[in-house]
Amino acid sequence: MADVDAYLALITSLHAGKPKFEAMIKALVEPIVAQQAVMEHLPLDFDLDQAIGVQLDEVGEWVGRTRFVKVPIANAWFTWGDATRGWGRGVWYDSRYDTPAGITRLDDDTYRTLLRAKIAANNWDGTLPSAKAALEILFPSGDTKIVVIDNQDMSITFGVAGIIPSALFIALLSQGYLPLKPEGVKANYRITTVDGPLFGWGVNNEFISGWGTGAWGAPPDYFTS
């Protein structure tokens, strides 16, 4: 991008070196250079990885997901003596986003992660593998694992194994902020109650395992009630 000096260098020899003329040209082009700088930076200002605050809200309008939740998310704050809301799982109270009734407005980091998953959901092709991939965006570390099971009875089960996710993300799942299911199909969520695979018969892998390894799966409200 051209700066003020680049424009001053274009002055012809007839006027070059004339202080008043150069000062006039500088006064004319400085606002243009500043406007060019703003326009050049706009893609970064509204980039999903860079946007913050109201800029991220504008990205959310394009994606189709606001940072405000329909129902306040209660019981997601950090607390002692509760494994589901302890270190790494509970949310620190922040008066900018929270009320005594619960979380009503998502912070930038949580909102950005949800928008990434919503973008994947917007491009969902209706298959179970792509639904699984969209949900996995919510847990980028890979420690929390998603398994999707078609029950062949007009219902599907989303199993969450590995590390139990934070209470906030569990609440977002339970409130349907990622509607990854065909119309008319019931979606069930089962989240491991102990870090590790879910309990299941005849399977032994990182998602589902048997006696002594797998844990019972619970619905989201088990963790947020």
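Quick one: which of Gly184, Gly210, Gly176, Gly159 is without any contact (Cβ under 8 Å) to a residue 12 or more places away in the chain and closer than 22 Å to Asn123 by Cα? Outline the logic, then answer.
Numbers: Gly184 fails: without any contact (Cβ under 8 Å) to a residue 12 or more places away in the chain; Gly210 fails: closer than 22 Å to Asn123 by Cα; Gly159 fails: without any contact (Cβ under 8 Å) to a residue 12 or more places away in the chain.
From the options Gly184, Gly210, Gly176, Gly159, the qualifying one is Gly176.
If we only count helices (runs of 4 or more DSSP H) wholly inside segment 1-77, which ones have 1 or more residues that are more than 20 Å from Asp107 (Cα to Cα)? Spell out how you get there, then give the answer.
Values: elements: 4-8, 19-45, 53-63.
So the answer is 4-8, 19-45.
The conditions are (1) at pLDDT 85 or above; (2) more than 19 Å from Leu173 (Cβ to Cβ); (3) in contact with a helix residue (DSSP H, G or I) (Cβ under 7 Å, 6 or more places away or on another chain), and Val148 fails exactly one of them. Which is it?
(2)
Would you check if there is a residue in segment 17-37 being free of Cβ contacts under 8 Å to residues at least 12 places away in the same chain and in contact with an Asp or Glu (Cβ under 9 Å, 6 or more places away or on another chain)?
Checked against the condition, which is being free of Cβ contacts under 8 Å to residues at least 12 places away in the same chain and in contact with an Asp or Glu (Cβ under 9 Å, 6 or more places away or on another chain), segment 17-37 yields no hits at all.
Out of Thr84, Thr99, Thr104, Thr79, which single residue is at pLDDT below 70, hydroxyl-bearing (Ser, Thr, Tyr) and farther than 29 Å from Val194 by Cβ?
On the way: Thr84 fails: farther than 29 Å from Val194 by Cβ; Thr104 fails: at pLDDT below 70; Thr79 fails: farther than 29 Å from Val194 by Cβ.
Testing whether each residue is at pLDDT below 70, hydroxyl-bearing (Ser, Thr, Tyr) and farther than 29 Å from Val194 by Cβ leaves just Thr99.
For segment 111-151, give me each residue that is more than 22 Å from Lys181 (Cβ to Cβ) and touching a residue at least 60 places away in the same chain (Cβ under 8 Å). Even if it seems obvious, please write down each step before you answer.
Quick first cut of segment 111-151, residues more than 22 Å from Lys181 (Cβ to Cβ) only: 111-112, 140-143.
Arg112, the sole residue that qualifies.
Kindly indicate which of Ala51, Ala16, Ala34 is over 30 Å from Ala117 (Cα atoms) and either assigned by TED's automatic domain parsing to the domain that holds Ala121 or modelled with pLDDT of 85 or more (or both).
On the way: Ala51 fails: over 30 Å from Ala117 (Cα atoms); Ala16 fails: either assigned by TED's automatic domain parsing to the domain that holds Ala121 or modelled with pLDDT of 85 or more (or both).
Exactly one of Ala51, Ala16, Ala34 is over 30 Å from Ala117 (Cα atoms) and either assigned by TED's automatic domain parsing to the domain that holds Ala121 or modelled with pLDDT of 85 or more (or both), namely Ala34.
For Thr110, state whether it is in the same structural domain as Ala187 (by TED's automatic domain parsing), modelled with pLDDT of 80 or more, of a type outside the set (Lys, Arg) and in contact with a strand residue (DSSP E or B) (Cβ under 9 Å, 6 or more places away or on another chain). Don't jump to the end; show me each part of the working.
Values: in the same structural domain as Ala187 (by TED's automatic domain parsing): yes; modelled with pLDDT of 80 or more: yes; of a type outside the set (Lys, Arg): yes; in contact with a strand residue (DSSP E or B) (Cβ under 9 Å, 6 or more places away or on another chain): yes.
When the stated conditions are applied, Thr110 passes them.
For segment 214-225, which positions are crowded, with 19+ Cβ neighbours inside 10 Å and at pLDDT 85 or above? Full working, then the answer.
Quick first cut of segment 214-225, residues crowded, with 19+ Cβ neighbours inside 10 Å only: 214, 217, 220, 223-224.
Matches in segment 214-225: Gly214, Gly217.
One line per residue, one yes/no per condition, for (1) within 22 Å of Asp107 (Cβ to Cβ); (2) surrounded by fewer than 19 Cβ atoms within 10 Å (Cβ to Cβ):
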{"residue": "Asp143", "(1), (2)": "yes, yes"}
{"residue": "Pro165", "(1), (2)": "yes, no"}
{"residue": "Phe169", "(1), (2)": "yes, no"}
{"residue": "Gly202", "(1), (2)": "no, yes"}
{"residue": "Gly212", "(1), (2)": "no, yes"}
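The values are calculated or read from the model by the stated rules, or taken from the named source; none is laboratory data. Given the structure is predicted, the values throughout are model-derived calculations rather than measurements. Quick reminder, even Gly has a Cβ in these numbers, built from the backbone with ideal geometry, and neighbours come from all protein chains shown.
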